[in-house]
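What follows is one structure encoded as structure tokens, with my remarks underneath.
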Amino acid sequence: MSATGFDGLEELIAEAVSQGARLLAGGTRLAHPRWPRGHYFAPTLLADVTPEMRIARAELFAPVMLALRAESLPAAVDIANGTPYALGASVFGSDPVALETVVRDVRAGMVAVNDFAVYYAVQLPFGGLKGSGYGRFAGEEGLRAVCNTKAVCRDRWPWAVKTAIPKPLDLPLGEERRAWEVASGVVELGYGDLRGRVVGLRRVVGL
């Protein structure tokens, strides 16, 4: 990895430790004995991290694992959703109801159940939410992203309701009130609630 962010990464780790986190491994850049000119950060494990710590809300892009405690499943989901980033997630467990709750409620672009990042291997749509981007590649959705969609509008039930070519429109209108009713009815029919659609249909047909 690049050494550009090493200072900030060490600062975040030291700050978390000063706020009560326990550093169980790593925590600093690594001077590799065989490749001293490379840029390495020691694999790091921090326990007792809390959601309020800056490191819990940062996108680290480093071999750093944070362990946070949650009193319940909803609390764990809240912690997972408490960052501005949401690329991929994994959930591990044996309770199918709890697993599906996490799959449903965690806001992330991808979720793996009892595994990690397998969406790569099976070519599912890849992409994130929030600060982790938008759009997808791979899978059917990824193919759509490189396509131009053509929209086609035609009568669904031509045997019952068929669009006809209107007669030439001459101004001024002979029946301005009727024209207004039809135009209003079309809008209500397309965008109104159930009652609005009924009213719109009546206006269109002249009831």
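What pairs can you find where one residue is in the range 93-115 and free of Cβ contacts under 8 Å to residues at least 12 places away in the same chain, the other is loosely packed, with under 14 Cβ neighbours inside 10 Å and part of a loop (DSSP other than H, G, I, E, B), and their Cβ atoms are less than 9 Å apart, with a gap of 6+ or different chains?
Hits for this filter: S94/N114.
Counting only residues that are assigned to a loop (DSSP other than H, G, I, E, B) and β-branched (V, I, T), how many does the range 87-132 have?
Taking the range 87-132 first, the residues assigned to a loop (DSSP other than H, G, I, E, B) are 87, 92-95, 106-109, 114-117, 122-125, 127-128, 131-132.
Now narrow it down to the ones that are β-branched (V, I, T): 106, 122.
Residues in the range 87-132 being assigned to a loop (DSSP other than H, G, I, E, B) and β-branched (V, I, T): 2 in total.
Any idea which of Y134, Y120 is surrounded by 10 or more Cβ atoms within 10 Å (Cβ to Cβ) and in the same structural domain as G27 (by TED's automatic domain parsing)?
Details: Y134 fails: surrounded by 10 or more Cβ atoms within 10 Å (Cβ to Cβ).
Only one candidate qualifies: Y120.
Mind counting the residues in the range 49-81 that are surrounded by 13 or more Cβ atoms within 10 Å (Cβ to Cβ) and part of a loop (DSSP other than H, G, I, E, B)?
9
Test R177 against the stated conditions and say whether it is in contact with a helix residue (DSSP H, G or I) (Cβ under 6 Å, 6 or more places away or on another chain) and either over 27 Å from F92 (Cβ atoms) or surrounded by 10 or more Cβ atoms within 10 Å (Cβ to Cβ) (or both).
Values: in contact with a helix residue (DSSP H, G or I) (Cβ under 6 Å, 6 or more places away or on another chain): no; either over 27 Å from F92 (Cβ atoms) or surrounded by 10 or more Cβ atoms within 10 Å (Cβ to Cβ) (or both): yes.
Judged against the criteria, R177 is not a match.
When the residues of the range 1-48 are narrowed to those that are among the β-branched types (V, I, T) and not in a helix (DSSP H, G or I), which ends up surrounded by the most Cβ atoms within 10 Å (Cβ to Cβ)? So that I can check it myself, show each step before the final result.
Keep residues of the range 1-48 that are among the β-branched types (V, I, T), which gives 4, 13, 17, 28, 44.
Adding the requirement that they be not in a helix (DSSP H, G or I) leaves 4, 28, 44.
Numbers: T4: 9, T28: 14, T44: 20.
My answer is T44.
Within the range 148-162, does at least one residue satisfy the condition of being closer than 30 Å to L87 by Cβ, part of a loop (DSSP other than H, G, I, E, B) and either at pLDDT 80 or above or in contact with a helix residue (DSSP H, G or I) (Cβ under 7 Å, 6 or more places away or on another chain) (or both)? If you could, list the steps in order and put the result at the bottom.
Within the range 148-162, the first condition is being closer than 30 Å to L87 by Cβ, and the residues that meet it are 148-149.
Now restrict to residues that are part of a loop (DSSP other than H, G, I, E, B): 148-149.
From what is left, the residues that are either at pLDDT 80 or above or in contact with a helix residue (DSSP H, G or I) (Cβ under 7 Å, 6 or more places away or on another chain) (or both) are 148-149.
Scanning the range 148-162 turns up at least one residue that is closer than 30 Å to L87 by Cβ, part of a loop (DSSP other than H, G, I, E, B) and either at pLDDT 80 or above or in contact with a helix residue (DSSP H, G or I) (Cβ under 7 Å, 6 or more places away or on another chain) (or both).
The values are calculated or read from the model by the stated rules, or taken from the named source; none is laboratory data. Just so we're clear, the structure is a prediction, and the values are computed from it rather than from any experiment. Don't worry about glycine lacking a Cβ; one is built from the backbone with ideal geometry, like all the others, and counts go over all protein chains shown.
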